[in-house]
Every structure is written in structure tokens, then in C-alpha cells.
Amino acid sequence: MREASLQGAGEAAPSAARRDDRAHVLHSWSAIDTLNPTVVAGASGSHFWDEDGRRFIDLSSQLVNVNVGHQHPKLIAAIQAQAALLSTIAPYHANAATSEAARLIAEVAPGDLNRVFFTKGGAEAIENAMRMARLHTGRHKVLTMYRSYHGATAGAITASGDPRRWPAEPGMPGIARFWGPYAYRSPFHARDEREECGRALAHLADTIAVEGPHTIAAILMESIVGGHGTLVPPDGYLEGVRELCDANGIVMIADEVMVGFGRCGEWFAIDRWKVVPDLITFAKGVNPGYVPLGGVIISDAIGTSFAKRAFPGGLTYAGHPLACAAAVACIGIYREESLIERARALGEAVIAPELRAMQARHPAIGDVRGLGAFWAIELVRDRDTREALVPFNASGDANAPMMQFAAECKRLGVWPLVMGSRLHIAPPLNIDEGTLREGLAMVDEALAVADRYASG
């Protein structure tokens, strides 16, 4: 009966992949009976295709992780070679792949962040970074931003300033939140970036004061807010956060899960402001998700807390040899193909001017912003009032304009990453310029759908 329900009159029978998916898979963030996932048959470079042969330009690098494109031959070869040598081993052993990956990650990290604790992904990295900060300081509170996302495990989702945390509440104790800078929709009624920076830092200082500095272990923030709008902090903000942390004995945790490893034209996005945090969480771009890997890069000062005292955390697959071999190969690719510099150049020469030209043509575009190969288009109904195209946390009919826009992108041949009233642009760092421009032209055409809802 289940199979029959999937096959309408005159339609081809569903593939085995689709039948098994619908019968047995519960997808992330999805209701079983309302999802109709695309069955992906293959991928190469900056494209992937479904089982019917429809090709899509991957302008979002999936979930902002496929930084070196799909099926990079050097990454595939590294995983194959490691599988033939040592496929897996318990994390209390050392092995060449994991050791080398840790050394290379520490080499590109800023300051004295010289040690790596490996996890399988970003959420686990966040969990362990918060634990390290609490144990190092002997304090329990962690301050995080509204408009942030740190992962879906118990502590990480609690730390997120994101509606996805609501079903998980009350969650982990000890989280307090503050407003970060967002000049386009300023919570501080600022008139420009400079004023936004000053008022945001004053608000954070007030939050520290009323929460009790002696109770605060860490301030956890995305160096550049990702899913909630590609919010590039104004110059001076991260520097100010660093100063507040130093003045109050608070650990600064930079969440670089999405923006690390070249995405913003630096090894780590925070490098742009020459700020050195105490802990950096990473995942995604470290080995573009070919094998799951994440971790925490640890300063020497925090590392001393666990010199004689065991760190109370670990995972069966921490520092997995296959994942770490992929990381070693990937860092080599970043260097050999000059992808850090390329990300910066693509942003300056292609993405920024193309998006700003679109903004001039489309009344639905309220703002464009980003760095390197990490950008967002914010869609509005009214440029003057800045009313968003869809309400905050919209679903169902209220979210129809964004869903129609996303569907048009797919019809034209570009896979969109939409969140709220935003389209995120984050292509592989090695995308060729022609393909990038082709994808952006498809977005330009699809924006006619959003324009129908916009005034002016």
C-alpha cells in the first residue's frame, strides 16, 4: 500500500532509492509525510544531478561545506589510500593521519591555538568547547547571540538564538543571550555601522554586568553569523568583544564551523580582524564533509587546564583516520589551488558586483552583504519600511513567497539555500567563474518571483 501511494496515475514507478527513503528514512528537520526529497544520483565539481538527470549548480556548497567542490580527485584518493592503510582505530591511540591533521590545523590557526580536540561535527565541537570553558574558568554561564545557530545536540541547540531551539527547551541551564550587531535591522536604532558597533558593545557590556561577570565562563559567537543572515560584524566589534572577555576573565569562543577554512577569504573569518579567540570550533570546510569531522582548536592557556587533569569528554570516532586523512589532503588543496585567495577574489570581482547590480534591478532586494564566497540576499516587501518578504519563522502559506522563489531557482537549474527571507550564496571556492556567473544569472531571473510581492 505504501508503494502504491507513491505512484500516481500515469507516473513512472518510483526508484528503489525513493521507495526505501520514503519507507524508512526520517530526514533532519522534516515531517515524514510532507517531504519530497530530491534523489541525488551523482555530483562533480560545482554541480550535482538527480536520478532523472536534472543538473543543478550548487551555489550553496550543500550546507556551506563543499568548499573544494564535489568528488575532488585528490580528496577521494586520500580517503582511498587511508582506507587501505588504516580504516579506523580507537581514539586513545595515535595515528599518522590524525596527528598530521592536528598539526596542519594548528599551523593555520591564529595565535597560540596549538592543540586540537577532534569531534565528528560542529555541534559536538560546540558542546566540548563550552565544557572546556566551564572547566577552565570554574564558572557556569555561557553568553550567546540571538540570531545564531550552533548545532542540534542538547547543549548546542540551547546555545542557539534560533527558533529551532524552542521544541528542545528548557534545554541546558546556564545560557544567557544578547543582541549582536545587525545594521540593516538594528536592534539599537543605530544610523550606521560605526554607531551599531558602539551600541552593540555597550549592550554586551551591560549584559555581562547584569548576568555577573564572575558567573560567565564564555562568550560564544559565530565570527560571521551564518544561517541568520550572513551578518558581517562592523569593524571594531570583535576586537571589542575580545577586550570585554579579557577584562572579565571570560573565554572567547569563535564558532567557525561555517566560515572557517577559506570561506570568507581567510583561513578563519576572525583573522580578518586580527582577533585571537581562546577556542575555535570548526567542521564543514576542514575536509568538506567527505567524511564527518569537526573539532575545537585550543589555546595554550586553556590546554594547561588539562595537562594534569583529564578532560572529561570523548567520542568513539574522534579523530577518525579517514576523516583526518581527508583533512590533510584538503588543507593541501587549499594551498596548492590558492583557494583562500580565490575566495577573496570571487567575492570582490564577481559576487559583490553581481549582487549589487541585481539589487538595483529588483525591488524585492533590500540588502546584500557578505565576504569572500559567503553572501546573502535579503528579500523585502518594501524597501522603505524594510518589511521582510515573509514573517519571522514563517511556515505554510505565510512562507509561500520564499518557497515559490526557491522552486523557480530549482526549475532554472540552480540549487538555492533559503532561510527566512534570505537567499544564501556560498559556492565552492574552486567554482569556475563562468559557472558562478551562470548560477547568479539564474538567481537574477528567479527574483522576478519575489518582485511580484514587492512594492516599488
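Would you be able to say whether some residue in the range 22-44 is outside the structural domain of residue 409 (by TED's automatic domain parsing), in a helix (DSSP H, G or I) and crowded, with 18+ Cβ neighbours inside 10 Å? Looking through the range 22-44, at least one residue is outside the structural domain of residue 409 (by TED's automatic domain parsing), in a helix (DSSP H, G or I) and crowded, with 18+ Cβ neighbours inside 10 Å. Only one of the listed residues (373, 394) is within 24 Å of the chain's Cα centre (by Cα) and surrounded by fewer than 18 Cβ atoms within 10 Å (Cβ to Cβ). That residue is 394. Look at (1) surrounded by 15 or more Cβ atoms within 10 Å (Cβ to Cβ); (2) within 25 Å of the chain's Cα centre (by Cα); (3) of a type in the set (Lys, Arg) and you find that residue 139 fails only one, number (2).
Contact map, the range 204-219: first residue in the same structural domain as residue 129 (by TED's automatic domain parsing) and of a type in the set (D, E, K, R), second residue outside any strand (DSSP E or B) and at pLDDT 95 or above, Cβ cut-off under 9 Å, separation 6 or more or different chains; the map is empty. The residues in the range 294-331 that are within 19 Å of residue 261 (Cβ to Cβ) and touching a Lys or Arg at 6+ places or on another chain (Cβ under 7 Å) can be counted, and the count is 3. Among the residues of the range 282-305, those that are part of a helix (DSSP H, G or I), out of contact with any helix residue (DSSP H, G or I) (no Cβ under 7 Å at 6 or more places or on another chain) and in contact (Cβ under 8 Å) with a residue 60 or more places away in the chain comprise 285, 300, 301, 303. What are the residues in the range 155-172 that are farther than 19 Å from residue 256 by Cα and in contact (Cβ under 8 Å) with a residue 24 or more places away in the chain, if any? Correct list: 163, 164.
Do the conditions hold for residue 258, that is, is it at pLDDT 95 or above, within 15 Å of residue 373 (Cα to Cα) and not acidic (Asp, Glu)? Yes: the conditions hold for residue 258.
Being surrounded by 16 or more Cβ atoms within 10 Å (Cβ to Cβ) and farther than 23 Å from residue 131 by Cα is a property that holds for residue 236.
Here 176, 152, 129, 125 are screened, and the one residue that is closer than 24 Å to residue 395 by Cα and either touching a Ser or Thr at 6+ places or on another chain (Cβ under 9 Å) or surrounded by 22 or more Cβ atoms within 10 Å (Cβ to Cβ) (or both) is 152. Name the single residue that is nearest to the chain's Cα centre (by Cα) among those in the range 253-294 being hydrophobic (A, V, I, L, M, F, W, C) and surrounded by fewer than 24 Cβ atoms within 10 Å (Cβ to Cβ). Per the criteria, the residue is 267. Looking across the range 323-355, the residues that are surrounded by fewer than 21 Cβ atoms within 10 Å (Cβ to Cβ) and either more than 22 Å from residue 271 (Cα to Cα) or basic (Lys, Arg) (or both) come down to 335, 342, 344, 350, 353, 354.
The values are calculated or read from the model by the stated rules, or taken from the named source; none is laboratory data. This is a predicted model, so every value here is computed, not measured. Positions of Cβ are generated from backbone atoms using ideal geometry, with glycine treated the same way; all protein chains shown enter the neighbour counts.
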